[in-house]
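Some notes on the structure that comes next.
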Amino acid sequence: QSFGGLTYYYHGEWNNSENILKDSIGNFEKIGDIVGQLPSAEHLWKIYLMRGLFNETIENIDKTIDLCRRTNEKYFIVVSIAALNFVKLIKTGIHDNKEYEEVENRLKRVNSFLFHVEAGGYLLQTDIAIGNFDKAYNRAKKILPLIFKNCVNSEYQVRTHSLLCDLVNRERLNRLKGETKINVSDKQLKKDFIFNVIVLWFSCLSYPAYW
């Protein structure tokens with residue numbers, strides 16, 4: 001059932017995915033399987049986030065974090081805290097730097113590429129939102145090779161390439177006003193944009209949610 005919910009999720013059918021994921025969580029809860037709830041719980045708050053329903057997103061991230069702490073789970077919790085940090089920033093305009101640093105410190109203690117791709121992706125969004133463009137640029141440049149090397153699914157490709165394109169456009173607009181936040185040349189920025197927008201286009205083709 002959880003797999004069915006994820007299938008709808010990756011096809012962008014949010015309503016069907018939401019209903020199945022909720023049922024899946026409920027069924028795992030009935031048999032006392034906390035770990036089994038985690039994949040569905042994570043993708044449920046992702047649906048609310050993509051819909052812009054921030055209250056529901058925060059509520060369900062908090063539930064996911066609670067499940068993680070009850071099982072001492074390491075992966076879903078760092079992703080959830082990273083997402084929570086970003087969502088609270090967008091919702092309130094206030095950046096919780098202590099929480100942000102907690103995620104960065106957790107990432108320093110793990111080698112698994114998926115931690116850095118997914119949790120790092122939310123930190124990347126936070127970096128852009130708070131105007132730390134140089135850090136965002138360098139973070140994106142570290143995440144993208146991990147995606148290419150490990151053939152991570154197109155969801156991560158689309159997010160990271162689109163964020164880098166957005167970041168480059170913001171920087172180029174800044175430079176028109178005489179401001180420079182990213183320590184690279186105009187020529188390199190142009191190359192980055194052209195390359196990433198092409199890869200983004202192909203990534204969208206292989207990710208049905210963006211059709």
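The values are calculated or read from the model by the stated rules, or taken from the named source; none is laboratory data. No experiment lies behind these values; they were computed from the predicted model shown. Reconstructed Cβ throughout: ideal geometry from the backbone, glycine too, with neighbour counts over all protein chains shown. In case anyone asks, the SASA skips ligands and DNA or RNA and just uses the protein heavy atoms, side chains included. Shrake-Rupley method; radii C 1.70, N 1.55, O 1.52, S 1.80 Å.
Just to be sure before I move on: is Ile198 of a type in the set (Val, Ile, Thr) and loosely packed, with under 13 Cβ neighbours inside 10 Å in the structure I sent? Spell out the reasoning first.
Numbers: of a type in the set (Val, Ile, Thr): yes; loosely packed, with under 13 Cβ neighbours inside 10 Å: yes.
Against the criterion (of a type in the set (Val, Ile, Thr) and loosely packed, with under 13 Cβ neighbours inside 10 Å), Ile198 qualifies.
Taking the stretch 68-80, which residues are in contact with a Phe, Trp or Tyr (Cβ under 8 Å, 6 or more places away or on another chain) and open to solvent by less than 20 Å² (accessible area, probe 1.4 Å)?
Cys68, Val78, Val79, Ser80
Looking for whichever is open to solvent by less than 20 Å² (accessible area, probe 1.4 Å), farther than 27 Å from Trp14 by Cα, modelled with pLDDT of 95 or more and in contact with a helix residue (DSSP H, G or I) (Cβ under 6 Å, 6 or more places away or on another chain) here; the options are Phe133, Phe193. Which one fits? Walk me through it before giving the result.
Values: Phe193 fails: open to solvent by less than 20 Å² (accessible area, probe 1.4 Å).
After ruling out the rest, the residue left standing is Phe133.
Does Gln157 count as in a helix (DSSP H, G or I) and under 19 Å from Leu6 (Cα atoms)?
Here the answer is yes, as Gln157 does meet what is asked.
Hey, could you check the stretch 71-89 for residues that are modelled with pLDDT under 95 and charged (D, E, K, R) and say which is farthest from Gln125 (Cα to Cα)?
Glu73
Look through the stretch 90-118, keep the residues that are at pLDDT below 95 and open to solvent by 80 Å² or more (accessible area, probe 1.4 Å), and return whichever of them is farthest from Lys141 (Cα to Cα).
Step by step, filter the stretch 90-118, then rank; the result is Arg109.
Filter the stretch 155-172 for residues that are in contact with an Asp or Glu (Cβ under 9 Å, 6 or more places away or on another chain) and either aliphatic (A, V, I, L, M) or open to solvent by 50 Å² or more (accessible area, probe 1.4 Å) (or both) and give the result.
Leu164, Leu167, Val168, Arg172, listed by residue number.
Picking from Ile182, Ile143, which residue would you name as being out of contact with any strand residue (DSSP E or B) (no Cβ under 7 Å at 6 or more places or on another chain), surrounded by 13 or more Cβ atoms within 10 Å (Cβ to Cβ) and not in a helix (DSSP H, G or I)?
On the way: Ile143 fails: not in a helix (DSSP H, G or I).
One residue alone meets the criteria, Ile182.
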